[in-house]
Structure formats: structure tokens, C-alpha cells
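Remarks on the structure that follows.
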């Protein structure tokens, strides 16, 4: 399979246009444009009955104790976990692209409800857990929400955009399903897959070095 993510060159920095957070002229954080990039795929298996897309960051600190804390740095050797940014399944077999901005065109406080879209069924991303209990931001974050790693993290974060070709028309998922649940549901049904990786940092020193 071939997979392209417009504006995300392999192993190159992702534009803040596609991110949830950005480095402001002053201070540590500002909301960014949070637009989903255009994605397209080709050369798929002839027996494909549907597609799924998952975007995840495997470099998220397993402990949030030092995250975004002045005078502290998240160490490189801290254990890391997956953070899902886009969970999309049941993409019809005759769909081969999703346009820029089709799934997200801004930061939506309290999130977007997951559910059926014309290009597939969205689940929830990991901002749902991150903002849980926050009076201003808490809610279900369905569909795409872009990068926003800790501004004091010592490592660059890597964002894996992956499309999967499946041998079933639908996965038995509904409501606020997660990326981990999609991976479990796809077991034994993946005919092929392709990944594009981009990088992002909110740490000014790492951003400048990139």
C-alpha cells in the first residue's frame, strides 16, 4: 500500500497548522489551528472491504507528575505510552482519501462527539482522558485532534499516521470506542497497512534544532 499525508514528510516536523497546541511568541502554550491533514492511499489489496486510520504518538510520558511544570524537565528515560490522536474505522472500500479539514478545522473546547461521518465512523482520541474532570475542556474528543506534547519534554515526539486495509466491511464498534479497542477488533482482519511518521515538539530548544 501507498499512503501519503499532505504536509507531513516522512520523519520531518509537522506544521503547527495540523497541531492542537503551538509555541506562542511569549509564554509556553497557545491553541493552534488543529486542522486534520489530507490523507490518501492507493495500491490496496483487491479483497479490501473497508479501511481504518489510526494516528498515535508512542512517546507520551507514562507519568504526568512533571508534565508542563516550571523548573522541571520530563526525562528522556521516563517510560512512554501511546496517545491516540485520530481513531477512524469503517471507511468504505471505495474511499481513498480524506480532505484537509474534513474531520477537524479548529480546537473544539469539550471536544466533538464521535460517530458516523460520510467517510467513516470516528471513535474518541486520548484528549478525552487528558481533559477528564476539566470544567472548561472536559468531554468526548471524537475524530482528529493534533499534536500537543509537553512543552518541557526532553524528547521529540513521533506521530504515526497509519491506514489499514481490512477484510471486513465494518468492525463491531460503536459509541466512545478507543484506539486500543480498534487495534483489538482488527486482529486477524488486516490485509495490509502503511504508515507515515511526522515529528512535533512544544519545547523551543527541540523545535529550533529540528
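The values are calculated or read from the model by the stated rules, or taken from the named source; none is laboratory data. Every value quoted in this text rests on a predicted model; they were computed, and no experiment measured them. All Cβ positions, glycine included, derive from the backbone under ideal geometry; neighbour counts span all protein chains shown.
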Check: What residue, among those in segment 149-162 that are surrounded by 22 or more Cβ atoms within 10 Å (Cβ to Cβ) and under 13 Å from the mean Cα position of the chain (by Cα), is nearest to residue 59 (Cα to Cα)?
Finding: 157
Check: Looking at segment 100-112, is at least one residue in contact (Cβ under 8 Å) with a residue 24 or more places away in the chain, within 17 Å of residue 53 (Cα to Cα) and in a strand (DSSP E or B)?
Finding: no
Check: What is the one condition in (1) without any contact (Cβ under 8 Å) to a residue 60 or more places away in the chain; (2) on the phi < 0 side of the Ramachandran plot that residue 93 does not satisfy?
Finding: (1)
Note to self: Which condition from (1) at positive phi; (2) buried (at least 20 other Cβ atoms within 10 Å of the Cβ) is the one that residue 39 breaks?
What the structure shows: (1)
Checklist line | Test: residue in segment 126-141 that is at pLDDT 95 or above, in contact with a strand residue (DSSP E or B) (Cβ under 6 Å, 6 or more places away or on another chain) and outside any loop (DSSP other than H, G, I, E, B) | finding: no
Next item on the list: With the condition kept exactly as written, say whether any residue in segment 85-106 is modelled with pLDDT of 95 or more, touching a strand residue (DSSP E or B) at 6+ places or on another chain (Cβ under 9 Å), surrounded by fewer than 23 Cβ atoms within 10 Å (Cβ to Cβ) and within 15 Å of residue 180 (Cβ to Cβ).
Entry: no
Checklist line | Per-region count, segment 163-196, residues within 19 Å of the chain's Cα centre (by Cα), part of a strand (DSSP E or B) and crowded, with 17+ Cβ neighbours inside 10 Å | finding: 6
Notebook entry, point to check: Yes or no: residue 22 touching a strand residue (DSSP E or B) at 6+ places or on another chain (Cβ under 6 Å) and surrounded by fewer than 19 Cβ atoms within 10 Å (Cβ to Cβ)?
Noted result: no
Margin query: So, in segment 73-124, how many residues would count as being more than 18 Å from residue 62 (Cβ to Cβ) and in contact with a helix residue (DSSP H, G or I) (Cβ under 8 Å, 6 or more places away or on another chain)?
Written below: 4
